[in-house]
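Heads up, the thing below is written out as C-alpha cells.
The values are calculated or read from the model by the stated rules, or taken from the named source; none is laboratory data. Computed from a predicted model, the values in this text were never measured in an experiment. Here the Cβ positions follow ideal geometry from the backbone for every residue, glycine too, while neighbour counts run over all protein chains shown. We work out accessible area using only protein heavy atoms, side chains counted, and drop any ligands, DNA or RNA first. Shrake-Rupley method; radii C 1.70, N 1.55, O 1.52, S 1.80 Å.
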Amino acid sequence: MKTVKINTGRSYEVVIDSDYSHLLEKVKSVVNGKIMVVYDENTHILFADTIKKCLAGYKLTEEVLPVGENTKSIAEYSKLIEKLAKKKFTRKDCIMAVGGGVIGDLCGFVASTYMRGITYISCPTTLLSCVDSSVGGKTAVNLPEGKNLLGAFYQPSLVYVSISAMDTLLQRDIECGMGEVVKYAFLDGRITKKDLQNGISEDLIEKCITIKKEIVEKDEFDRGERAKLNLGHTVGHALESLYGYEYSHGLCVFNGIKKIIDLSCEYYGYGEDEKREFESLLKVYPYTEIPEIETSKIMEKIRIDKKADEDGVNLVLIKQIGEVEVCKISLSKLEKMLK
Ligand code: GLY
C-alpha cells in the first residue's frame, strides 16, 4: 500500500492499494457517522459486495445511478440531496463515490453543498479518475449549456484507489486513462518511457498522483500553475465535441498532444530531432489515431473554448520533455500554425 498526502486547504490521503483490505481502517480515520455509498450500475455489480463486507459495522445506504455522462446532471444532484435529507444525514455523516469521473464529480458536488459541506470519500474505479479527477477537489455537474458549468472546489477527506479495479476495465477505458498518464510524462520527467512500457501499476499511479498533487498544492483554485494540467486538452476537447463524443476523453487528449507537439516545435523553432523525441514518448502507448479533421472546424470549437478570448487562447506547449509552458497565442496565428 502507498499513500500520497495532499496538502490543500483540507489535507487528505490518497491511498493506493492492491485491493480494498485497508478500506475500513482508512474510512474509520475520517468518518464516525453513517455513509451513503453511490455507485453506477456497473460499479454496483463489480464492487458493492466487497465494499459492504469491508464496511460492515457502518450504517450504509446505497444509491445506484445510470452509467454515462447524463448522470452528471442537476436532476441526479437534486435526487441525491433529497435522499440525504430524507435519511437525516448530518455533517458527521459521509457520501462515498464508487465509480469513475461522472460519479465522483457528482458526489463531490453533492458533498460540497449539502449542509454547506459533508465528508466526502472517493473510491475511483477507472484509470482516468484515479490519476486525474479524484484528486484536486474539482467537482461539478453539467448544464444543458455546457459541461461542468455548475461546480465547486471541494477536497475529499479520503481517496482510496484499489489497483484491483483496473482489472475490470475495458481496453477503451485503459486507453482513455493512458492519455492522461502520458500527459503527466510530458509535464514531468519522473514518468519515463519505461514506466509507460510497464503499464498500469501502483508505482505508475503513485507517480501521476504525486505530479498532480504538486501542481494542485501550488494552485488549489486554478488561477495559474494548474493550467499546465490542460496539456492537449484544448484541441482534445475540440476533437471530442467534433466527433460527437464517439472517442474517449483520453484518446482525444492523446490526439490533442500530437497537435501540440507540432505547434510546440513551430513555436520554439525545433527541428526533426526534437519532434522525433516528443513523438517517441507519445507513441510508447499505441493509442488510436483519430481521423484528421479540417483546421477551420477545430478553430470554430477553440474560439468558443473557455480558455479563449479576443486576444487568443492559452495553450500549454512542450519546451522539453518534463517542462511545459502556458503561452497565449492569437487565434489567427494558431490557425496558421495548425494548417
Ligand atoms: N483536471 C484538471 C484539474 O484538475 O485541474
Legend entry - Residue under evaluation L106, criteria (1) open to solvent by 20 Å² or more (accessible area, probe 1.4 Å); (2) within 16 Å of the ligand (Cβ to nearest atom); (3) farther than 20 Å from V15 by Cα, criterion not met: (1)
Inset, instruction - For the stretch 283-306, state whether one or more residues are within 17 Å of G179 (Cα to Cα), of a type in the set (A, V, I, L, M, F, W, C) and surrounded by 15 or more Cβ atoms within 10 Å (Cβ to Cβ). - result: yes
Inset, instruction - Considering each of I103, I81 in turn, give the residue that is part of a helix (DSSP H, G or I), out of contact with any strand residue (DSSP E or B) (no Cβ under 7 Å at 6 or more places or on another chain) and modelled with pLDDT of 95 or more. - result: I81
Inset, instruction - Would you confirm whether any residue within the stretch 129-140 is out of contact with any Lys or Arg (no Cβ under 8 Å at 6 or more places or on another chain) and aliphatic (A, V, I, L, M)? - result: no
Legend entry - Test set (1) in contact (Cβ under 8 Å) with a residue 60 or more places away in the chain; (2) under 23 Å from the mean Cα position of the chain (by Cα) - V64 fails condition number: (1)
Inset, instruction - List every residue pair whose Cβ atoms lie under 7 Å apart, where the two residues are 6 or more positions apart in sequence or sit on different chains, the first residue falls within the stretch 132-147 and is farther than 26 Å from Y160 by Cβ, and the second residue, located anywhere, is in a strand (DSSP E or B) and more than 10 Å from the ligand (Cβ to nearest atom). - result: L143/L149; L143/L150
Inset, instruction - Confirm whether T125 is more than 16 Å from the ligand (Cβ to nearest atom) and under 18 Å from C176 (Cβ atoms). - result: yes
Legend entry - Out of K5, K72, sole residue that is loosely packed, with under 12 Cβ neighbours inside 10 Å, within 29 Å of K218 (Cβ to Cβ), modelled with pLDDT of 95 or more and touching a strand residue (DSSP E or B) at 6+ places or on another chain (Cβ under 7 Å): K5
Legend entry - In the stretch 167-195, the residues that are part of a helix (DSSP H, G or I) and open to solvent by 10 Å² or more (accessible area, probe 1.4 Å): D167, T168, Q171, R172, D173, I174, E175, C176, L187, K193, K194, D195
Legend entry - Residue satisfying all of: in the stretch 135-160; at pLDDT below 95 and outside any strand (DSSP E or B); farthest from the ligand (Cβ to nearest atom) among these: P144
Legend entry - Total residues in the stretch 230-250, condition aliphatic (A, V, I, L, M), within 16 Å of the ligand (Cβ to nearest atom) and out of contact with any strand residue (DSSP E or B) (no Cβ under 8 Å at 6 or more places or on another chain): 1
Legend entry - Residue pairs meeting the criteria (Cβ under 8 Å; at least 6 apart or on separate chains; first acidic (D, E) and assigned to a helix (DSSP H, G or I), in the stretch 212-227; second open to solvent by less than 20 Å² (accessible area, probe 1.4 Å) and within 11 Å of the ligand (Cβ to nearest atom)): E225/I215; E225/D219
Inset, instruction - Could you grab me the full set of residues in the stretch 255-311 that are assigned to a helix (DSSP H, G or I) and of a type in the set (D, E)? - result: D262, E266, E272, D273, E274, E277, E279, E300
Inset, instruction - State whether one or more residues within the stretch 267-276 are in contact with a strand residue (DSSP E or B) (Cβ under 6 Å, 6 or more places away or on another chain), within 14 Å of V324 (Cα to Cα), more than 16 Å from the ligand (Cβ to nearest atom) and not acidic (D, E). - result: yes
Legend entry - Residue among S164, S133, S122 that alone is under 24 Å from K5 (Cβ atoms), of a type outside the set (F, W, Y) and touching a Cys at 6+ places or on another chain (Cβ under 8 Å): S122
Legend entry - Residue satisfying condition, being within 13 Å of the ligand (Cβ to nearest atom), surrounded by fewer than 24 Cβ atoms within 10 Å (Cβ to Cβ), within 29 Å of K283 (Cβ to Cβ) and not charged (D, E, K, R), within set I205, I163, I200, I215: I215
Inset, instruction - Test I51 against the stated conditions and say whether it is among the hydrophobic types (A, V, I, L, M, F, W, C), within 23 Å of L143 (Cα to Cα) and either at pLDDT 95 or above or surrounded by 21 or more Cβ atoms within 10 Å (Cβ to Cβ) (or both). - result: no
Inset, instruction - Look at the stretch 218-266 and say how many of its residues are of a type outside the set (A, V, I, L, M, F, W, C) and open to solvent by less than 20 Å² (accessible area, probe 1.4 Å). - result: 12
